[in-house]
Amino acid sequence: MIELRAINRSYSVGGQPVRALDNIDLDIDAGAYLSIMGPSGSGKSTLLNILGLLDRPSSGHYRLDGHDVTALSDLEQAQVRNQRIGFVFQMFHLIPRLTAAENVALPLLLAGVAPGRREPLVAKALQELDMGDRAHHKPEQLSGGQRQRVAIARATVTEPELLLADEPTGNLDHHSGQEVIRILESLNSRGITLIMVTHDPEMGRRASRRIKLVDGRLADPDVAT
Amino acid sequence: MRAGDLLRLTSSSLVAHRLRTLLTILGISVGIASVVLLTSIGEGVHRFVVTEFSQFGTNLVGINPGKATTAGTSIGVFGTARPLTLDDAEALKKLPFARAVVPMVTGNAEVEADNRRRRTTIYGVGPQMPEAFRMELQLGRFLPADEPSAPRAFAVLGSKLRRELFGERSPLGERITIAGSRYRVLGVMASKGTILGFDLDDTVYLPTARAMALFNTQSLFEIDLLYAEHTSVEKVVAAIRQLLESRHGRDDVTITTQQQMLDVLSSVLDVLTFSVAAIGGISLLVGAIGIVTIMTIAVNERTNEIGLLRALGARRSQVLGLFLGEAVVLAMSGGLLGLALGVGVAQLLHLLLAALPVRISLLYILLAESVALLIGLLAGVLPARRAAQLDPVAALRAE
């Protein structure tokens, strides 16, 4: 499903070039459960951003379902993000002035889906995450775990093939974190490709496939750094 | 994105910051209100002045002796302009379009009646004056159509002069004395009020020939000619000029049409209205700066949200539209509030000061609203462009 070939990403920080990703080759099958681990600054988030089309590699090719998405325009990439990729963030990134249901509806709203068609999809996505009774609550009225569940509902409402999670439990207590992981894993078991960045080895080990980044390069995941 | 969703999303952020939204709207509305109010007063004064001037009718032509142009050589070389005479007036009466012709002289003299004396304005006029100037009589009748060169000694009083000389007593048939000559009062004019400081009621109307003798003048001060409706002014002016040129041997009169006077007056008043509108425009500019400020703050505060929307598949143009929409909603609500405020205050002024003419012009209202829309777009475009250009990764990471 995903093919990365010779992906490089370098920034310049204060005039110094920094190589965040160094010649990454990676294939990920559809329906995989992959964890990306590594110390901070190793390029985990950069890799996830490139997989999510939020960032462009400096060089190399990224093929999604056989199509080279690195060559797409901004507009086309936005459409791919909207239709085929779901994001779950560490900071949840819910819009505070909107209710849970309105937050979940955002991707559909951006795609121009009519309100009549939107409502059942939003209700279903919230229901599946046991948040049906909190649909009209504002984020500030929800606990951290509940907020992340709303965020997951938002990521899945468009039924994407790929779910990208960046430290999804980083801001949650242990119990809520476990619950969120279980939800993500159950989504994966229904066929959605799950890629999760984490620095928690315990979380990382749950994935069926693990990769580790060190200084922007792929490393053996079982060797401690 | 659907228009309704865009509007809802836009208003949700405006509602979330009620106070500052309200203050920004207030800023714009003060600008719009001042434009509406000032132009209303401007238009009101315009209408008022034009109505005052056209109360004598718009198809009037004034003919004065002498040429109102500046030539290289003094007119004196060829002799002074020939006077306008009663015969000229009689000749003008024969023009086919002439409905009324009023030969006129004016001056001041003392009027005496019943041992009361008053210095007043004397108008020597022809019998057709009420028709030409749309003036009405309050009592009696106007000067009769006597032989123009030898009219009988009759007088008609202005309403104020009648009150001053006779009080509430009927002056009809009474005698008044002007410079030693006695006149019999035939009628009293209805009140006309004042125009530009001239009291039109403190007057005596005498037959022209008698007034010319009184002031010892050979020339009329002016001949006013009322022409038939639906006649072109140009034709009227050309015919008068031709007639008088053939009688005088040369073109030595100045012809002023009421329309010309109104046009000049109107254009002066338009400039006035435009100037006050420009003053109102300055406060509008201040309101616009308020929108730029608040939108810049909004983009900074909501950087995370912009990153999120981009991650969820928002195009740059959608982000641009959201923030531009917010600025436009702010400006347009300010415009509507300002309109209500302006119209309200204008009506209130009209109630409190009935003398102050207020006229709300639809043109300026539409203009004010379009300006509000334009301000929203202009004020919003910079912050909104900045929002659209943000890098999504950096925006998501921003604190």
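The values are calculated or read from the model by the stated rules, or taken from the named source; none is laboratory data. All values derive from a computational prediction rather than experimental measurement. Cβ: placed from backbone, ideal geometry, glycine included. Neighbour counts: every protein chain shown. Ligands, DNA and RNA are stripped out before the accessible areas are found, and what is left, the full protein with its side chains, is counted by its heavy atoms. Shrake-Rupley method; radii C 1.70, N 1.55, O 1.52, S 1.80 Å.
Table for the structure above
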| item | result |
| --- | --- |
| Segment B:269-362: C-alpha gyration tensor shape, a/c 1.5 cut-off, then a/b vs b/c | prolate |
| Viscosity 1.002 mPa s, temperature 20 °C, Stokes-Einstein D of segment B:94-172 from Kirkwood C-alpha radius, µm²/s | 151 |
| Where the protein assembly as shown is the region considered: accessible area per residue in Å², 1.4 Å probe | 47 |
| Dimensionless Rg ratio for chain B, taking C-alpha atoms and the 2.2 N^0.38 Å reference | 1.56 |
| Kirkwood-based shape ratio for the protein assembly as shown, expressed as Rg/Rh from alpha carbons | 1.36 |
| Cα-based helix-to-principal-axis angle, A:115-128 vs chain A, degrees rounded to 10 | 70 |
| Segment A:100-213: radius of gyration and largest Cα-Cα distance (Dmax), Å | 14.4, 45 |
| Using alpha carbons only: equivalent-ellipsoid semi-axes of segment B:174-318, gyration tensor based, whole Å | 69, 24, 13 |
| Choice from B:334, B:380, B:193 with maximal GNM fluctuation in chain B (Cα, 10 Å cutoff) | B:193 |
| Candidates A:196, A:91, A:37: whichever shows maximal mean-square fluctuation once chain A is modelled as a Gaussian network with Cα springs under 10 Å | A:91 |
| With Cα atoms, 0 to 90° folded angle of helix A:74-84 axis to chain A main axis | 60 |
| Whole-number D in µm²/s for segment B:240-399 (Stokes-Einstein; Kirkwood sum over Cα pairs; 20 °C, 1.002 mPa s) | 107 |
| Acute angle (nearest 10 degrees) that the helix A:174-189 long axis makes with the longest principal axis of chain A, alpha-carbon atoms | 80 |
| For B:312-324, mean number of other protein chain Cβ atoms within 10 Å | 5 |
| Rough spin-label spacing in nm, given labels placed 7 Å along Cα→Cβ, for residue A:29 and residue A:73 | 3.7 |
| Protein-only accessible surface order, largest first, of B:67, A:124 at 1.4 Å | A:124, B:67 |
| FRET efficiency estimate (nearest 0.05) - Cβ-Cβ, residue B:229 to residue B:184, R0 56 angstrom | 0.95 |
| All lysines inside 21 Å of residue A:212 as judged from Cα atoms, apart from same-chain residues fewer than 8 positions distant | A:44 |
| Under the span-like rule (Cα at least 30 Å along the axis, Kyte-Doolittle mean at least -0.5), DSSP H helices of chain B | B:18-54, B:258-301, B:316-352, B:362-389 |
| Efficiency of FRET between residue B:119 and residue B:191 - r from beta-carbon atoms, R0 25 angstrom, step 0.05 | 0.80 |
| Gain in span if fully extended, residue B:131 to residue B:110, counting 0.36 nm per residue against the direct Cα distance | 4.8 nm |
| Overall form of segment B:99-227 per C-alpha gyration tensor (a/c, 1.5; a/b vs b/c) | rounded |
| Gaussian network model of chain B, Cα within-10 Å springs - most flexible of B:386, B:169, B:118 | B:169 |
| Dimensionless Rg ratio for segment A:2-219, taking C-alpha atoms and the 2.2 N^0.38 Å reference | 1.02 |
| Rounded percent of accessible protein surface that carbon and sulfur make up, segment B:274-399, 1.4 Å probe | 75 |
| Segment B:186-260: Cα Rg divided by the 2.2 N^0.38 Å rule of thumb | 1.42 |
| With every protein chain in place, chain A: carbon and sulfur % of accessible area (1.4 Å) | 48 |
| For residue A:165, residues with placed amide H under 5 Å, excluding near neighbours | A:88, A:195, A:196, A:197 |
| Chains A and B, summed buried accessible surface - 1.4 Å probe, Å², nearest 100 | 2200 |
| Members of segment A:93-120 that become less accessible by 10 Å² or more once partner protein chains are added (1.4 angstrom probe, chain alone as reference) | A:93, A:95, A:97, A:98, A:106, A:107, A:109, A:110, A:112, A:114, A:115, A:118 |
